[in-house]
Amino acid sequence: MTENKEEYKGVFVFAQQVDNKLSNIALELVGKGKLLAKDLDTQLTAVLIGSDVKDLAVELGEYGADRVILIDDPELKDYRTEPYAHALASTIKKFKPDVMLVGATAIGRDLGPRVSARVHTGLTADCTQLEIGDFPLKPVPGHESEQLHKQLLMTRPAFGGNTIATIACPDYRPQMATVRSGVMQKSEKVAGRQAEIVEFNPGFTPDRKYVQILEIIKDTKKTADIMDAKILVSGGRGVGSPENFKILDDLAAALGGMVSCSRAVVDAGWKPKELQVGQTGKTVRPHVYFAIGISGAIQHLAGMEESDIIIAINKDESAPIFDVADYGIVGDLNKIVPKLTEAIKAL
């Protein structure tokens, strides 16, 4: 158990940057962190780790961080496990945050568990919802006085997405989680808004645990990211074949949107993994989401249920997708989608 838990205050977020550019997840965590900090009546601190990144500290202030802890060192130019873990763990030990959030990215999934082990606390991975509340959620009869208040309640899919678990870390600090990309709303940028910038450097001594990067080869593919799309036309197994996705391509083109898909489509080899929406794919928040030939398993819903408008087209009137859809059409997608495309082109 963490001694003197009352010493741990504030909501901290790891502000991931790559190539001296803030990642989307950093801004999403700032947005959510502000809301959590408000509920706890405390401030939001962003932890920025890199080399020559002070200008990003200013940017984090414009997005709403109250304070930025800046760890700037040549050893931190590119992500490497050991120096980054040392930097973040040292920050936690010195500044003692109550809550520490890290993005569930390739970097965050490597960094978060290592840091939590070093500071001897728990870590809830791949969270899709965070809120401040009571733990246990309902007081145990006869033990009402033992219910803890203002705890971080961390929600994530469990057992393959077949259920949702809410987890707390009542005995250790900080309360730590990695958060799935795309599920939290970014805060609005306000030019000129300023954060307190605190420079901190725990010192870095390269040793046998420091990986040496010999060369970085960039992925030259220019595929657009479905997470950035305002309109998504998503197809499932019900589309029937990879060739039949052309009618979805036509609809997406008419709408100025992108095509995405369910896991079943990726598993069948019809579409690449980067187009997959769902628990094991990407989480999206488009203005309009077309679910075409998608049954609506909970694993898929976890990746798209926050869309502004959901339109489902499926021949099975009892498909679960209709439970979350704003508009539903029961029928043959091969007849409905081409007619919808023609109608949109005629506008």
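For the stretch 311-347, name all the residues that are within 15 Å of L255 (Cα to Cα), in contact (Cβ under 8 Å) with a residue 40 or more places away in the chain and not hydrophobic (A, V, I, L, M, F, W, C).
Residues of the stretch 311-347 that are within 15 Å of L255 (Cα to Cα), as a first pass: 311, 337-347.
Of the ones still in play, those that are also in contact (Cβ under 8 Å) with a residue 40 or more places away in the chain are 337-338, 340-341, 344-345.
Within the stretch 311-347, P338, T341, K345 qualify.
For T178, are the conditions met, namely being within 17 Å of the chain's Cα centre (by Cα) and in the same structural domain as I71 (by TED's automatic domain parsing)?
Numbers: within 17 Å of the chain's Cα centre (by Cα): yes; in the same structural domain as I71 (by TED's automatic domain parsing): yes.
Judged against the criteria, T178 is a match.
Mind checking which residues of the stretch 194-220 are out of contact with any Asp or Glu (no Cβ under 9 Å at 6 or more places or on another chain) and outside any loop (DSSP other than H, G, I, E, B)?
Listed by number, the residues that qualify are I197, V198.
Any idea which residue in the stretch 85-113 is surrounded by the most Cβ atoms within 10 Å (Cβ to Cβ), counting only those that are closer than 15 Å to Q175 by Cα and under 19 Å from the mean Cα position of the chain (by Cα)?
We begin by selecting, within the stretch 85-113, every residue closer than 15 Å to Q175 by Cα; these are 88-89, 91-93, 95-103, 112-113.
Checking the rest, the ones that are also under 19 Å from the mean Cα position of the chain (by Cα) come to 99-103, 112-113.
Numbers: V99: 28, M100: 29, L101: 32, V102: 29, G103: 25, G112: 26, P113: 16.
Filtering the stretch 85-113 for residues that are closer than 15 Å to Q175 by Cα and under 19 Å from the mean Cα position of the chain (by Cα), the one surrounded by the most Cβ atoms within 10 Å (Cβ to Cβ) comes out as L101.
Here's the yes/no breakdown for (1) at pLDDT 90 or above; (2) of a type in the set (D, E, K, R); (3) under 27 Å from the mean Cα position of the chain (by Cα):
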position: I217; (1), (2), (3): no, no, yes
position: I231; (1), (2), (3): yes, no, yes
position: I247; (1), (2), (3): yes, no, no
position: A252; (1), (2), (3): yes, no, yes
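Which of the residues spanning the stretch 86-114 are among the hydrophobic types (A, V, I, L, M, F, W, C) and touching a residue at least 60 places away in the same chain (Cβ under 8 Å)?
Pass one, the stretch 86-114, residues among the hydrophobic types (A, V, I, L, M, F, W, C): 87-89, 92, 95, 99-102, 104, 106-107, 111.
Residues satisfying the conditions are A87, L88, I92, F95, V99, M100, L101, V102, A104, I107, L111.
If you take the residues in the stretch 164-190 that are part of a strand (DSSP E or B) and of a type in the set (G, A, S), which one is surrounded by the fewest Cβ atoms within 10 Å (Cβ to Cβ)?
So the first thing to find is which residues in the stretch 164-190 are part of a strand (DSSP E or B), and the list is 164-167, 175-179.
Okay, now just the ones that are also of a type in the set (G, A, S), so 165, 177.
On the way: A165: 12, A177: 25.
Filtering first and then ranking leaves A165.
Just wondering, is there one or more residues in the stretch 205-218 that are of a type in the set (S, T, Y), exposed (fewer than 10 other Cβ atoms within 10 Å of the Cβ) and either in contact (Cβ under 8 Å) with a residue 60 or more places away in the chain or outside the structural domain of T121 (by TED's automatic domain parsing) (or both)?
At the first step, the residues of the stretch 205-218 found to be of a type in the set (S, T, Y) are 205, 210.
Of the ones still in play, those that are also exposed (fewer than 10 other Cβ atoms within 10 Å of the Cβ) are 205.
With the extra rule that they be either in contact (Cβ under 8 Å) with a residue 60 or more places away in the chain or outside the structural domain of T121 (by TED's automatic domain parsing) (or both), the set shrinks to 205.
Yes - at least one qualifying residue is present in the stretch 205-218.
Would you list the helices (runs of 4 or more DSSP H) that sit entirely within the stretch 292-347 and hold 2 or more residues that are surrounded by fewer than 14 Cβ atoms within 10 Å (Cβ to Cβ)? Before you say what the answer is, go through the steps one by one.
Working: elements: 298-301, 321-324, 333-346.
Those helices (runs of 4 or more DSSP H) span 333-346.
The values are calculated or read from the model by the stated rules, or taken from the named source; none is laboratory data. These figures come from a predicted structure and were not determined experimentally. Cβ atoms come from the backbone with ideal geometry, glycine included; neighbour counts cover every protein chain shown.
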